[in-house]
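*Asks:* Here it is, the structure in full.
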Amino acid sequence: MTSSDQTEDKVELDPSKVKLTIDGIEVVVNKGELLIEAAAKAGKFVPRFCYHPRMEPVGVCRMCLVEVDSPRGPTLQPSCYVPADNGMVVNTQSEAVKKAQNGVLEYLLINHPLDCPVCDKGGECPLQDQTVAYGPGESRFIEEKRHFAKPIAISQLVELDRERCIQCSRCTRFSEEIAGEAEIDFLGRGDRTEVAIFPSQPFDSYFSGNTVQICPVGALTAKPYRFKSRPWDLEQVESTCTSCSVGCRVAAQSSANQVVRYLGIDVDEINQSWLCDRGRFGFESIYSANRLQAPMMPISGNLQDVSWPQAIEKVAEVFAEHQLKGADKIGIIGGSRLTNESAYAYTKLFKGLIGTDNVDAAPFNLGSVNSLYGLKTATINEVAESDLIITIGSNLKETAPILFLRIRDAILKRDSKLVEVGPYSTPLSEYATHVNINFSNFSEVISSLLNGGNGSDDKQITLAAELLKSVAQTADANVSVAIVYSSIDANRPLDNLEAALSKLATFFSPVTVRFLPVLSKPNAMGVLDMGMYPNLLPGRSVLSSAKLLKEVGWEKLPTKVGVDATNLLEMAAASKLDTLVLIGTDILTDFYDLELAEKAVANVKNLICIDTHINSTNAKATCVLPALYDAERSGTFTNMEGRVSKIASKVTGPSLAVDDWAIAVQIADSMGEDMGFESLEEIQAEISQVAPAYFGFSKGLNVLGESGVVVPMGSKPVSIERRPHDPIEVPGIASTNHQGTPLYAGAVIPSEYSDENTFKVGSVSMSYFRLVDEFKEITLESKSAVSSGTSGDDKNSKSRPADQDRNICEMVVVESLMDDGTLIKSAATLSEIKTDNVAKISPSLANSVGCHAGDSIKLKLGSAEAEFDVVVDSGVAENTVIVKKLDASKVLYGSNGLLVEVKK
Amino acid sequence: MGHLSEEIINKANILLEIYPNKRSALIPLCHLAQGQDGYLTPEAIVEIADLVGVTPAEVRGTASFYDMFHLEPVGKHVVAMCTNIACMLRGADELLEHAQESLDVGIGGTTQDGQFTLEEAECLAGCNNAPCVQVNHRFFGPLDNEGFDRLIKDLRSGKLKDEVPEHGVLNRVDRNYGLKATPDQVQAERDVMESAKKERLAKKSESN
Ligand code: SF4
Ligand code: SF4
Ligand code: FES
Ligand code: FES
């Protein structure tokens, strides 16, 4: 039997495949696949403008016409719109096709200006390229072209040159179909058609940058990149965005050693070519005037530049003292900006060489790490393929924008059901059954959800409960549930989150339930995986299981579990801590209890800050060390799924800034210790060897480059069928062309770790990588630590407000994407975007306060008072007020509770 | 309170009921709003967007496709003069020239007193009365120069007040006349369609 016979048999057997002929080449493709994609499989490129592989086809530009045989003879049909079918005969190169392409281009060029020399797109422009390849050499049009005022700003970030627009509708479709907010649309008709915003509403979508990336001409340009470079001067590396815990894949592009642009890469598992604007334009913070240029120490009261040897000497001296005696008098807070390798290096320095366990990477609203490691994790793709998605906690559009897009897509295209358990209405609410929660009613709400809505007069709860029940009782073995969870608050954990999650798992059993945590800091997962938390050690292991580490020089491993950030600051405030090391955290503006942070900073003897930017905390340091930043450093990043992907350096940083792991190595060296590695590769090799969940990860990473590896890896083959990247966009990102070969993750997991341990959550058996019993200890430890820090809050939030006249409410401080943290503040363009300072309240509260949407109200806590604009939202629980974590609301943070008074 | 009058909101709600998909009511709602203000004010657009569940940019974009919607203020009377073939053969071009002179306004312009906006239109389907003119969607024709001047005079003096309502509304979007259907009737019709579809499908699967 020949191989073609085999294919034939298969086609007949497999009804999901069809066979057709394209330019004389027989191809077998999925039924319903578009001709333009089928042609690509036959090795034929069909020119196109409007078609984008990640959006529904519309067939408006007519550039992709091909000839398809029909009973009436060959006819011209748009290949981006016609699905492949059995027996089709397609010609992409005929005379008629060429004439059509020629004609379409001549038409497009009638009104297209001759801007190429001054157009940012020139050199990477699909219109230029396809005109050269398929177009007319000359235009017959001698009349006047249409004119529009040149470029108009349609938002703080995006400028629109309407003369260059070819009306492909990629941008308008993106806004409606993908982002779900059609802030731009076509205006007018015929040759006067233009893309337009509604005059009083700018294009302020969080996803606006994507339209710039997919515009096939220079009509949409982004301010940060305008006139910065020519495409042929660009160099690029593939890297990972480190702005949130999704970890989108990006191409970081530079010109003359300066980062000028980030583009999204089409990685099926993660961002599918999209980026949010924070990730796309945040790179400008690399060039902020606030960048730390050199090590600094106070000299006669003022921070001044010092040399590296001076600074290291000083730090090493302090650390050496703690190493000798008093390892419990030093504490380390922060680190989520680190790469995994740097986090490993610091953990080794602090836990392995100095011997303190007081390390807390401080994702302040995490609660216990058990809610992170104790559950069967979902990948983003698994969430998107679930039949029921439950989101608990934050507004994903603010905390994990691309995950928001993926879930929205799943609901619309896959008809997944969504139950949203959150503190206020989000853009997903319109597709969801939204259930209101706050700190005090959370457990109650979960219980009634699982009791068929019993004991609740909230209609939403009843609806959601029914949905949950119907899924739990399904007999269909293919049904799966995904639970995406986080705290509702930027600063505080939800008390009973862990219990709620295990109840949910039990409730659905035996239906498959998977969990995806949404962490509020970028590499929080990675740095926790590297052990930057009390009791944790690299690879999701704990202090009591340090056997492997001892073999690679972790000699002074602590025996006692350390304390977390809140307790460290309390110790510092009471002058019981000598040294506080802050890694990339500005506690004086970021910590939820600002009073405590202030006292701690004032009373600690040594304050050592390792940072990229000057901030209010490190201005008071006894020593500041400048570190390298995004696009300047290499390493790996672990996202919320546990997916490890590469961060690559593209440019050199400030000449005296050093990569974090190298700072750790130098300090150790100066202390007379040997870290045992001197390069990134050596660190990765060590992690691969001693960090259980990361066994073999570096090898896997080298094979599965672009989408990274999810740890812990199995040793089974992983088959990847990659969707083609939009071929007319982002030319030259080679790795995204990778197609469909099965690969081996390549991890060899020692037997003591390899069989996945099963454990029970409620009555459900689940499996994950580590022994859960060991984590139980942490739960207890950290629970007590956390609650001692926030016990005041607990008391307050539990007791229902008694004094109704005074409208005492629970305050929930939520995260927002465009906040006023260091990244946004130091990025030139993003920092100009105005953040609206709103307080969201329920209709009933609005009633009793006597205010309407748009009014302003005052929130009062102790002596502090702040003013907000009112938004009335029926998705907010009664007696709750939602404010954003912004400078304006920070005056209200404090140890004295979360019950605020709402006044007109 | 909102920008659109209560009466219009009531009519809008009836319209929203009769479409399976809210956004299908966009065009009729634009007509209603234009009937109130003469043109689609930004305030009206925002309210319509809210009613049909799309963005204001989409409402404005959609309305901008149609010549009959105005996105900028117009006079009390919108005079649309056909210059398509039948009217052209019967002297529409000359009439248009005359109109420009006598109103002292260019095509697309509004007279200083805010009374008239002059427009050139394609076939208005009034060819039997060529050359023909529409004022606030009401037909007049055939017209010669004198006839046109007389029409303008009568409009100015208010003599045609009843015949030509200010900022005329299209009859067919006004469900109190025309094709009024109650929500019940609509639902009943939909049910019939649904069951017919089911039957068809059942037959189809039988024959398979
Ligand atoms: S969009 Fe392309 S073809 Fe148009 S001016 Fe810019 S570079 Fe030239
Ligand atoms: S602006 Fe660009 S993406 Fe949008 S329609 Fe015009 S050419 Fe297409
Ligand atoms: S019509 Fe097919 S790519 Fe535009
Ligand atoms: S041509 Fe004037 S109304 Fe038809």
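The values are calculated or read from the model by the stated rules, or taken from the named source; none is laboratory data. The structure presented is a predicted model; accordingly, all values stated were derived computationally and were not measured. Glycine gets a Cβ as well: all are built from the backbone with ideal geometry, and neighbour counts include every protein chain shown. The protein model used for the area step is the full one, side chains on, heavy atoms only, and it has no ligands, DNA or RNA in it. Shrake-Rupley method; radii C 1.70, N 1.55, O 1.52, S 1.80 Å.
*Asks:* What number of residues within region A:216-232 satisfy the criterion of being within 12 Å of ligand 1 (Cβ to nearest atom) and at pLDDT 95 or above? It would help to see each step written out before you state the result.
*Replies:* Residues of region A:216-232 that are within 12 Å of ligand 1 (Cβ to nearest atom), as a first pass: A:216-221, A:230-231.
Now restrict to residues that are at pLDDT 95 or above: A:216-221.
Within region A:216-232, residues that are within 12 Å of ligand 1 (Cβ to nearest atom) and at pLDDT 95 or above number 6.
*Asks:* Still on this model: Do the conditions hold for A:Gly326, that is, is it touching a residue at least 24 places away in the same chain (Cβ under 8 Å), assigned by TED's automatic domain parsing to the domain that holds A:Ala627 and not basic (Lys, Arg)?
*Replies:* On the way: touching a residue at least 24 places away in the same chain (Cβ under 8 Å): yes; assigned by TED's automatic domain parsing to the domain that holds A:Ala627: no; not basic (Lys, Arg): yes.
It is false that A:Gly326 is touching a residue at least 24 places away in the same chain (Cβ under 8 Å), assigned by TED's automatic domain parsing to the domain that holds A:Ala627 and not basic (Lys, Arg).
*Asks:* Let me ask something additional. Go through the residues of region B:10-22 one by one and say whether even a single one is within 14 Å of another protein chain (Cβ to nearest Cβ) and assigned to a helix (DSSP H, G or I). Give the steps one after another, and end with the answer.
*Replies:* Filtering region B:10-22 down to residues within 14 Å of another protein chain (Cβ to nearest Cβ) leaves B:22.
When the remaining residues are screened for being assigned to a helix (DSSP H, G or I), the result is B:22.
Scanning region B:10-22, I find at least one residue that is within 14 Å of another protein chain (Cβ to nearest Cβ) and assigned to a helix (DSSP H, G or I), so the answer is yes.
*Asks:* Name the residue, out of A:Asp85, A:Asp120, that is away from ligand 2 (no atom under 16 Å from the Cβ) and either more than 14 Å from chain B (Cβ to nearest Cβ) or hydroxyl-bearing (Ser, Thr, Tyr) (or both). Before the answer, list the steps.
*Replies:* Values: A:Asp120 fails: away from ligand 2 (no atom under 16 Å from the Cβ).
Within the list A:Asp85, A:Asp120, the selection yields A:Asp85.
*Asks:* Would it be correct to say that A:Arg249 is of a type in the set (Lys, Arg), in contact with a helix residue (DSSP H, G or I) (Cβ under 8 Å, 6 or more places away or on another chain) and away from chain B (no Cβ under 14 Å)? So that I can check it myself, show each step before the final result.
*Replies:* On the way: of a type in the set (Lys, Arg): yes; in contact with a helix residue (DSSP H, G or I) (Cβ under 8 Å, 6 or more places away or on another chain): yes; away from chain B (no Cβ under 14 Å): yes.
Yes: the conditions hold for A:Arg249.
*Asks:* Looking only at region B:123-165, count how many residues are assigned to a helix (DSSP H, G or I), touching a residue at least 12 places away in the same chain (Cβ under 8 Å) and within 15 Å of ligand 4 (Cβ to nearest atom). Please lay out each step first, then the result.
*Replies:* Here is the first cut: in region B:123-165, the ones assigned to a helix (DSSP H, G or I) are B:127-129, B:145-157.
Restricting the remaining residues to those that are touching a residue at least 12 places away in the same chain (Cβ under 8 Å) gives B:127, B:129, B:145, B:148-149, B:151-152, B:155-156.
Now drop any that are not within 15 Å of ligand 4 (Cβ to nearest atom), which leaves B:127, B:129, B:148.
Qualifying residue count for the region: 3.
*Asks:* With the structure loaded, tell me whether A:Gly264 is in contact with a Phe, Trp or Tyr (Cβ under 8 Å, 6 or more places away or on another chain), at pLDDT below 95, of a type outside the set (Val, Ile, Thr) and open to solvent by less than 20 Å² (accessible area, probe 1.4 Å) or whether it fails that test.
*Replies:* yes
*Asks:* Restrict the check to region A:555-563 and report whether at least one residue is open to solvent by less than 10 Å² (accessible area, probe 1.4 Å) and on the phi < 0 side of the Ramachandran plot. Walk me through how you get there before you give the answer.
*Replies:* First, the residues of region A:555-563 that are open to solvent by less than 10 Å² (accessible area, probe 1.4 Å): none.
No, there is no match, as no residue in region A:555-563 is open to solvent by less than 10 Å² (accessible area, probe 1.4 Å) and on the phi < 0 side of the Ramachandran plot.
*Asks:* Still on this structure: Looking at the structure I just gave you, is B:Glu120 more than 16 Å from ligand 3 (Cβ to nearest atom), part of a helix (DSSP H, G or I) and open to solvent by 50 Å² or more (accessible area, probe 1.4 Å)? Steps first, answer last, please.
*Replies:* On the way: more than 16 Å from ligand 3 (Cβ to nearest atom): yes; part of a helix (DSSP H, G or I): no; open to solvent by 50 Å² or more (accessible area, probe 1.4 Å): yes.
Answer is no for this residue.
*Asks:* When the residues of region A:29-52 are narrowed to those that are in contact with a Pro (Cβ under 6 Å, 6 or more places away or on another chain) and within 16 Å of ligand 2 (Cβ to nearest atom), which ends up nearest to the other protein chains (Cβ to nearest Cβ)?
*Replies:* Filtering first and then ranking leaves A:Phe49.
*Asks:* With respect to A:Ile663, is the statement that it is in a strand (DSSP E or B), closer than 23 Å to A:Glu317 by Cα and either more than 25 Å from the chain's Cα centre (by Cα) or in contact (Cβ under 8 Å) with a residue 24 or more places away in the chain (or both) true? Walk me through how you get there before you give the answer.
*Replies:* Values: in a strand (DSSP E or B): no; closer than 23 Å to A:Glu317 by Cα: yes; either more than 25 Å from the chain's Cα centre (by Cα) or in contact (Cβ under 8 Å) with a residue 24 or more places away in the chain (or both): yes.
So A:Ile663 does not fit the description; no.
*Asks:* Let me ask something else about it. Can you confirm whether A:Glu176 is in the same structural domain as A:Lys228 (by TED's automatic domain parsing), of a type in the set (D, E, K, R) and within 36 Å of the chain's Cα centre (by Cα)? Break it down into steps so the answer makes sense when it comes.
*Replies:* Details: in the same structural domain as A:Lys228 (by TED's automatic domain parsing): yes; of a type in the set (D, E, K, R): yes; within 36 Å of the chain's Cα centre (by Cα): yes.
Answer is yes for this residue.
*Asks:* Next up: What number goes with the only condition from (1) at pLDDT 85 or above; (2) under 24 Å from A:Asn365 (Cβ atoms); (3) open to solvent by less than 20 Å² (accessible area, probe 1.4 Å) that A:Ala846 does not pass?
*Replies:* (2)
*Asks:* Do we find a residue being open to solvent by 30 Å² or more (accessible area, probe 1.4 Å), over 20 Å from A:Phe49 (Cβ atoms), away from ligand 3 (no atom under 16 Å from the Cβ) and not polar (S, T, N, Q) anywhere in region A:102-119?
*Replies:* yes
*Asks:* With respect to the numbered conditions (1) more than 16 Å from ligand 3 (Cβ to nearest atom); (2) aromatic (Phe, Trp, Tyr); (3) within 27 Å of A:Trp274 (Cα to Cα), which one is the sole condition not fulfilled by A:Phe141?
*Replies:* Answer for A:Phe141: the failing condition is (3).
*Asks:* Could you name every one of the strands (runs of 3 or more DSSP E) located completely within region A:288-354 that has at least 2 residues being closer than 13 Å to A:Ile610 by Cβ?
*Replies:* Details: elements: A:296-299, A:302-305, A:330-334.
Once the strands (runs of 3 or more DSSP E) in region A:288-354 are filtered for at least 2 residues that are closer than 13 Å to A:Ile610 by Cβ, what remains is A:330-334.
*Asks:* Within region B:27-53, work out how many residues are under 15 Å from B:Ala12 (Cβ atoms), open to solvent by 20 Å² or more (accessible area, probe 1.4 Å) and within 12 Å of chain A (Cβ to nearest Cβ).
*Replies:* 3
*Asks:* Now for a different question. Looking at the structure I just gave you, is A:Phe227 more than 10 Å from ligand 2 (Cβ to nearest atom), surrounded by 20 or more Cβ atoms within 10 Å (Cβ to Cβ) and under 19 Å from A:Leu157 (Cβ atoms)? Give the derivation first.
*Replies:* Values: more than 10 Å from ligand 2 (Cβ to nearest atom): yes; surrounded by 20 or more Cβ atoms within 10 Å (Cβ to Cβ): no; under 19 Å from A:Leu157 (Cβ atoms): yes.
For A:Phe227, the condition - more than 10 Å from ligand 2 (Cβ to nearest atom), surrounded by 20 or more Cβ atoms within 10 Å (Cβ to Cβ) and under 19 Å from A:Leu157 (Cβ atoms) - is not met.
*Asks:* Let me ask something else about it. Specify the residue that is least open to solvent (accessible area, probe 1.4 Å); the eligible residues are those in region B:60-77 that are outside any loop (DSSP other than H, G, I, E, B) and facing chain A (nearest Cβ under 8 Å). So that I can check it myself, show each step before the final result.
*Replies:* Initially, region B:60-77 is screened for residues outside any loop (DSSP other than H, G, I, E, B), giving B:60-64, B:77.
Subsequent filtering for residues that are facing chain A (nearest Cβ under 8 Å) retains B:60-62, B:64.
Details: B:Arg60: 48, B:Gly61: 7, B:Thr62: 46, B:Ser64: 25 Å².
This residue is B:Gly61.
*Asks:* Anything in region A:166-190 that is open to solvent by 20 Å² or more (accessible area, probe 1.4 Å) and either within 21 Å of A:Leu428 (Cα to Cα) or within 16 Å of ligand 1 (Cβ to nearest atom) (or both)? List them, or say none.
*Replies:* Of everything in region A:166-190, those that are open to solvent by 20 Å² or more (accessible area, probe 1.4 Å) and either within 21 Å of A:Leu428 (Cα to Cα) or within 16 Å of ligand 1 (Cβ to nearest atom) (or both) turn out to be A:Gln167, A:Arg173, A:Glu176, A:Glu177, A:Gly180, A:Glu181, A:Glu183.
Residues checked against (1) open to solvent by 10 Å² or more (accessible area, probe 1.4 Å); (2) over 30 Å from A:Gly326 (Cα atoms):
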| residue | (1), (2) |
| --- | --- |
| A:Thr589 | yes, no |
| A:Ala600 | no, no |
| A:Ile608 | no, no |
| A:Ala619 | yes, no |
| A:Val624 | no, no |
| A:Tyr629 | yes, yes |
| A:Arg643 | yes, yes |
| A:Gly653 | yes, yes |
| A:Val658 | yes, no |
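*Asks:* How many of the residues in region A:56-95 are away from ligand 3 (no atom under 16 Å from the Cβ) and open to solvent by less than 40 Å² (accessible area, probe 1.4 Å)?
*Replies:* 4
*Asks:* Still on this structure, please answer the following. Collect the residues in region A:167-210 that are acidic (Asp, Glu) and either at the interface with chain B (Cβ under 10 Å from one of its Cβ atoms) or free of Cβ contacts under 8 Å to residues at least 60 places away in the same chain (or both), keeping them in residue-number order. It would help to see each step written out before you state the result.
*Replies:* Taking region A:167-210 as the starting set, the residues that turn out to be acidic (Asp, Glu) are A:176-177, A:181, A:183, A:185, A:191, A:194, A:204.
Residues satisfying the conditions are A:Glu176, A:Glu181, A:Glu183, A:Asp185, A:Glu194.
*Asks:* Check off (1) within 30 Å of A:Tyr225 (Cα to Cα); (2) within 16 Å of ligand 3 (Cβ to nearest atom); (3) open to solvent by less than 40 Å² (accessible area, probe 1.4 Å) for A:Gly122 and give me the number that stays unchecked.
*Replies:* In the conditions (1) within 30 Å of A:Tyr225 (Cα to Cα); (2) within 16 Å of ligand 3 (Cβ to nearest atom); (3) open to solvent by less than 40 Å² (accessible area, probe 1.4 Å), A:Gly122 misses (2) alone.
*Asks:* Next question. Suppose the filter is crowded, with 23+ Cβ neighbours inside 10 Å and either of a type outside the set (Phe, Trp, Tyr) or assigned by TED's automatic domain parsing to the domain that holds A:Pro626 (or both); does A:Gly331 pass it? Don't jump to the end; show me each part of the working.
*Replies:* On the way: crowded, with 23+ Cβ neighbours inside 10 Å: yes; either of a type outside the set (Phe, Trp, Tyr) or assigned by TED's automatic domain parsing to the domain that holds A:Pro626 (or both): yes.
Considered against the rule, which asks whether it is crowded, with 23+ Cβ neighbours inside 10 Å and either of a type outside the set (Phe, Trp, Tyr) or assigned by TED's automatic domain parsing to the domain that holds A:Pro626 (or both), A:Gly331 comes out as yes.
*Asks:* Hey, another quick one. For region B:78-110, what are the residues that are touching a residue at least 40 places away in the same chain (Cβ under 8 Å), of a type in the set (Gly, Ala, Ser) and open to solvent by 50 Å² or more (accessible area, probe 1.4 Å)?
*Replies:* B:Ser102 - this is the single residue of region B:78-110 that is touching a residue at least 40 places away in the same chain (Cβ under 8 Å), of a type in the set (Gly, Ala, Ser) and open to solvent by 50 Å² or more (accessible area, probe 1.4 Å).
*Asks:* What's the number of the only condition in (1) at pLDDT 95 or above; (2) farther than 26 Å from A:Ile265 by Cβ that A:Ser79 fails to meet?
*Replies:* (2)
*Asks:* In the list A:Ile178, A:Ile166, which residue meets the criterion of being in contact with a helix residue (DSSP H, G or I) (Cβ under 6 Å, 6 or more places away or on another chain) and of a type outside the set (Gly, Ala, Ser)?
*Replies:* Details: A:Ile178 fails: in contact with a helix residue (DSSP H, G or I) (Cβ under 6 Å, 6 or more places away or on another chain).
After applying the criteria, what remains is A:Ile166.
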